[in-house]
Amino acid sequence: AKPSALRVVVGSNKLNSGGVSYEIESIRDHKGFDSWRLTNDIAILKLKTPITITDKVKTVDLETEYVEGEVDCVLSGWGRLNYPGSLPNNLQHIDLKTITSEDCAKLLNHNSVDRTHICTLTKAGEGACHGDSGGPLVANKQIGIVSFGRPCAKGYPDAFTRVSAFTDWIEKNRY
(Lines give C-alpha, C1' and ligand atoms only; values in the text may rest on other atoms or scores of the structure.)
Protein backbone atom coordinates (compact mmCIF):
# COMPACT_ATOMS: atom_id res chain seq x y z
CA ALA A 1 0.00 0.00 0.00
CA LYS A 2 1.06 3.57 -0.54
CA PRO A 3 2.05 5.45 2.64
CA SER A 4 -0.48 8.18 1.84
CA ALA A 5 -3.30 5.60 1.95
CA LEU A 6 -2.51 4.57 5.53
CA ARG A 7 -2.44 6.20 8.96
CA VAL A 8 -1.23 5.19 12.39
CA VAL A 9 -3.65 5.97 15.22
CA VAL A 10 -2.49 5.77 18.84
CA GLY A 11 -4.08 6.41 22.22
CA SER A 12 -7.50 4.85 21.69
CA ASN A 13 -9.05 1.45 22.27
CA LYS A 14 -11.85 2.30 19.81
CA LEU A 15 -11.56 1.52 16.11
CA ASN A 16 -13.79 4.35 14.92
CA SER A 17 -13.04 7.18 17.34
CA GLY A 18 -10.49 8.81 19.61
CA GLY A 19 -6.73 8.78 19.59
CA VAL A 20 -4.20 10.80 17.64
CA SER A 21 -3.62 10.13 13.93
CA TYR A 22 -0.16 10.18 12.34
CA GLU A 23 0.67 10.29 8.65
CA ILE A 24 3.12 7.76 7.23
CA GLU A 25 6.07 9.14 5.28
CA SER A 26 7.46 5.85 3.98
CA ILE A 27 7.32 2.07 4.39
CA ARG A 28 10.43 -0.11 4.50
CA ASP A 29 9.41 -3.71 3.87
CA HIS A 30 11.67 -6.75 4.08
CA LYS A 31 13.22 -7.36 0.65
CA GLY A 32 12.94 -11.11 1.23
CA PHE A 33 9.16 -11.01 1.75
CA ASP A 34 7.52 -13.93 -0.04
CA SER A 35 3.76 -13.50 -0.43
CA TRP A 36 3.33 -17.14 -1.44
CA ARG A 37 5.29 -18.72 1.44
CA LEU A 38 4.51 -15.84 3.85
CA THR A 39 8.09 -15.54 5.04
CA ASN A 40 9.87 -12.32 6.09
CA ASP A 41 6.45 -10.75 6.69
CA ILE A 42 7.67 -7.58 8.39
CA ALA A 43 7.93 -3.86 7.62
CA ILE A 44 8.89 -0.63 9.36
CA LEU A 45 6.83 2.55 9.03
CA LYS A 46 8.40 6.00 9.10
CA LEU A 47 5.98 8.61 10.35
CA LYS A 48 5.98 12.24 9.22
CA THR A 49 6.07 13.34 12.88
CA PRO A 50 7.18 11.46 16.01
CA ILE A 51 4.58 9.86 18.27
CA THR A 52 4.09 11.66 21.57
CA ILE A 53 4.34 9.28 24.54
CA THR A 54 1.58 9.87 27.12
CA ASP A 55 -0.24 7.99 29.87
CA LYS A 56 -2.32 6.33 27.11
CA VAL A 57 0.51 5.85 24.58
CA LYS A 58 3.45 3.65 25.54
CA THR A 59 6.17 1.76 23.74
CA VAL A 60 6.66 -2.00 23.91
CA ASP A 61 10.04 -3.69 24.20
CA LEU A 62 10.87 -6.16 21.44
CA GLU A 63 11.87 -9.69 22.41
CA THR A 64 15.43 -10.51 21.38
CA GLU A 65 15.53 -14.08 22.74
CA TYR A 66 14.02 -17.15 21.07
CA VAL A 67 10.69 -17.98 22.76
CA GLU A 68 9.80 -21.69 22.90
CA GLY A 69 6.40 -23.36 23.02
CA GLU A 70 4.05 -23.29 26.03
CA VAL A 71 4.55 -19.57 26.76
CA ASP A 72 1.53 -17.54 27.89
CA CYS A 73 0.94 -14.50 25.68
CA VAL A 74 -1.72 -11.97 24.66
CA LEU A 75 -2.99 -11.06 21.20
CA SER A 76 -4.83 -7.77 20.77
CA GLY A 77 -6.54 -6.29 17.74
CA TRP A 78 -9.68 -5.24 15.95
CA GLY A 79 -10.03 -8.40 13.87
CA ARG A 80 -13.37 -10.02 13.20
CA LEU A 81 -14.90 -11.91 16.12
CA ASN A 82 -16.07 -14.61 13.70
CA TYR A 83 -16.00 -15.12 9.96
CA PRO A 84 -17.55 -13.45 8.00
CA GLY A 85 -18.64 -11.21 10.88
CA SER A 86 -18.14 -7.50 11.25
CA LEU A 87 -15.20 -5.69 12.83
CA PRO A 88 -15.60 -4.75 16.51
CA ASN A 89 -15.31 -1.11 17.55
CA ASN A 90 -13.68 -2.02 20.89
CA LEU A 91 -10.11 -3.32 20.98
CA GLN A 92 -10.17 -7.06 21.67
CA HIS A 93 -7.57 -9.14 23.48
CA ILE A 94 -7.22 -12.83 24.18
CA ASP A 95 -4.88 -14.98 26.24
CA LEU A 96 -3.08 -17.54 24.09
CA LYS A 97 -0.20 -20.01 24.39
CA THR A 98 2.72 -20.54 22.02
CA ILE A 99 3.50 -23.88 20.40
CA THR A 100 6.73 -24.99 18.73
CA SER A 101 7.38 -24.12 15.09
CA GLU A 102 7.64 -27.85 14.36
CA ASP A 103 4.20 -28.58 15.82
CA CYS A 104 2.81 -25.53 14.04
CA ALA A 105 4.11 -26.67 10.63
CA LYS A 106 2.59 -30.14 11.13
CA LEU A 107 -0.79 -28.87 12.31
CA LEU A 108 -1.07 -26.20 9.61
CA ASN A 109 0.39 -28.51 6.95
CA HIS A 110 2.28 -25.44 5.76
CA ASN A 111 5.87 -26.02 4.65
CA SER A 112 6.94 -22.40 5.08
CA VAL A 113 6.52 -22.39 8.88
CA ASP A 114 10.04 -22.24 10.27
CA ARG A 115 12.01 -20.77 13.17
CA THR A 116 11.28 -17.23 11.91
CA HIS A 117 7.64 -17.84 12.88
CA ILE A 118 6.07 -18.19 16.29
CA CYS A 119 2.68 -19.87 16.56
CA THR A 120 -0.17 -19.99 19.03
CA LEU A 121 -2.92 -22.50 19.62
CA THR A 122 -5.35 -22.93 22.47
CA LYS A 123 -8.70 -24.27 21.26
CA ALA A 124 -11.25 -23.77 18.50
CA GLY A 125 -12.95 -20.40 18.84
CA GLU A 126 -9.79 -18.64 20.08
CA GLY A 127 -7.28 -16.90 17.83
CA ALA A 128 -6.63 -14.30 15.18
CA CYS A 129 -9.04 -13.39 12.39
CA HIS A 130 -9.33 -10.99 9.44
CA GLY A 131 -8.36 -7.50 10.59
CA ASP A 132 -5.79 -8.68 13.16
CA SER A 133 -2.93 -8.87 10.62
CA GLY A 134 0.10 -6.85 11.67
CA GLY A 135 -1.05 -6.78 15.28
CA PRO A 136 1.12 -7.56 18.31
CA LEU A 137 1.59 -10.82 20.17
CA VAL A 138 3.00 -9.97 23.60
CA ALA A 139 4.52 -11.95 26.48
CA ASN A 140 5.85 -9.04 28.59
CA LYS A 141 7.71 -8.04 25.40
CA GLN A 142 6.46 -8.18 21.81
CA ILE A 143 7.24 -11.67 20.53
CA GLY A 144 5.23 -11.74 17.31
CA ILE A 145 3.37 -9.90 14.56
CA VAL A 146 0.16 -11.48 13.21
CA SER A 147 0.95 -13.04 9.82
CA PHE A 148 -1.28 -15.94 8.74
CA GLY A 149 -3.44 -18.91 9.69
CA ARG A 150 -6.54 -20.79 8.65
CA PRO A 151 -9.42 -18.33 9.15
CA CYS A 152 -10.74 -18.01 11.73
CA ALA A 153 -10.10 -19.71 15.08
CA LYS A 154 -11.06 -23.13 13.70
CA GLY A 155 -8.73 -25.08 15.98
CA TYR A 156 -5.58 -24.61 13.87
CA PRO A 157 -2.52 -22.59 14.89
CA ASP A 158 -2.06 -18.93 14.02
CA ALA A 159 1.39 -18.02 12.67
CA PHE A 160 3.18 -14.81 13.60
CA THR A 161 6.40 -13.27 12.38
CA ARG A 162 8.87 -14.01 15.20
CA VAL A 163 10.24 -10.63 16.33
CA SER A 164 13.47 -12.10 17.75
CA ALA A 165 14.35 -13.55 14.32
CA PHE A 166 14.41 -10.02 12.88
CA THR A 167 16.14 -7.94 15.57
CA ASP A 168 19.23 -7.40 13.36
CA TRP A 169 17.03 -6.42 10.39
CA ILE A 170 15.00 -4.06 12.60
CA GLU A 171 18.16 -2.37 13.91
CA LYS A 172 19.62 -1.97 10.40
CA ASN A 173 16.39 -0.65 8.91
CA ARG A 174 14.87 1.52 11.60
CA TYR A 175 14.57 5.19 10.77
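Odds and ends about this structure:
- When the stretch 101-139 is filtered for residues that are on the phi > 0 side of the Ramachandran plot, under 15 Å from the mean Cα position of the chain (by Cα) and surrounded by fewer than 22 Cβ atoms within 10 Å (Cβ to Cβ), the ones remaining, listed by number, are GLY131, GLY134.
- Any chance LYS58 is closer than 21 Å to ARG7 by Cα and either out of contact with any Ser or Thr (no Cβ under 9 Å at 6 or more places or on another chain) or buried (at least 16 other Cβ atoms within 10 Å of the Cβ) (or both): yes
- Long-range neighbours under 7 Å by Cβ, at least six apart or interchain, first residue touching a residue at least 60 places away in the same chain (Cβ under 8 Å) within the stretch 107-124, second surrounded by fewer than 20 Cβ atoms within 10 Å (Cβ to Cβ) and β-branched (Val, Ile, Thr): SER112/THR39; THR116/THR39
- Neighbours by Cβ (under 7 Å, 6+ apart or cross-chain): first from the stretch 69-81, more than 16 Å from GLY149 (Cβ to Cβ); second of a type in the set (Asp, Glu) and in a strand (DSSP E or B): ASP72/ASP95; VAL74/ASP95
- Inter-residue pairs, beta-carbon under 7 Å, first closer than 12 Å to LEU62 by Cβ and in the stretch 161-175, second of a type in the set (Phe, Trp, Tyr) and exposed (fewer than 14 other Cβ atoms within 10 Å of the Cβ), 6+ apart: SER164/TYR66
- When THR161, THR167, THR122 are checked against the criterion of being among the hydroxyl-bearing types (Ser, Thr, Tyr), at pLDDT 95 or above and assigned to a strand (DSSP E or B), a single residue qualifies: THR161.
- Residue count for the stretch 87-118 satisfying the condition of being over 17 Å from SER133 (Cα atoms), in contact with a Lys or Arg (Cβ under 6 Å, 6 or more places away or on another chain) and assigned to a loop (DSSP other than H, G, I, E, B): 1.
Results for (1) surrounded by 14 or more Cβ atoms within 10 Å (Cβ to Cβ); (2) closer than 18 Å to ALA139 by Cα; (3) of a type in the set (A, V, I, L, M); (4) not assigned by TED's automatic domain parsing to the domain that holds ALA124, shown as yes or no for each residue.
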position	(1), (2), (3), (4)
SER12	yes, no, no, yes
LEU47	yes, no, yes, yes
LEU87	yes, no, yes, no
ASP95	no, yes, no, no
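- Scanning the stretch 21-45 for residues that are of a type in the set (D, E, K, R), modelled with pLDDT of 95 or more and surrounded by 12 or more Cβ atoms within 10 Å (Cβ to Cβ) returns GLU23, GLU25, ARG28, ASP29, ASP41.
The values are calculated or read from the model by the stated rules, or taken from the named source; none is laboratory data. Fair warning: this is a prediction, and the values are worked out from it, not measured in the lab. Virtual Cβ from ideal backbone geometry, glycine too; neighbours counted across all protein chains shown.
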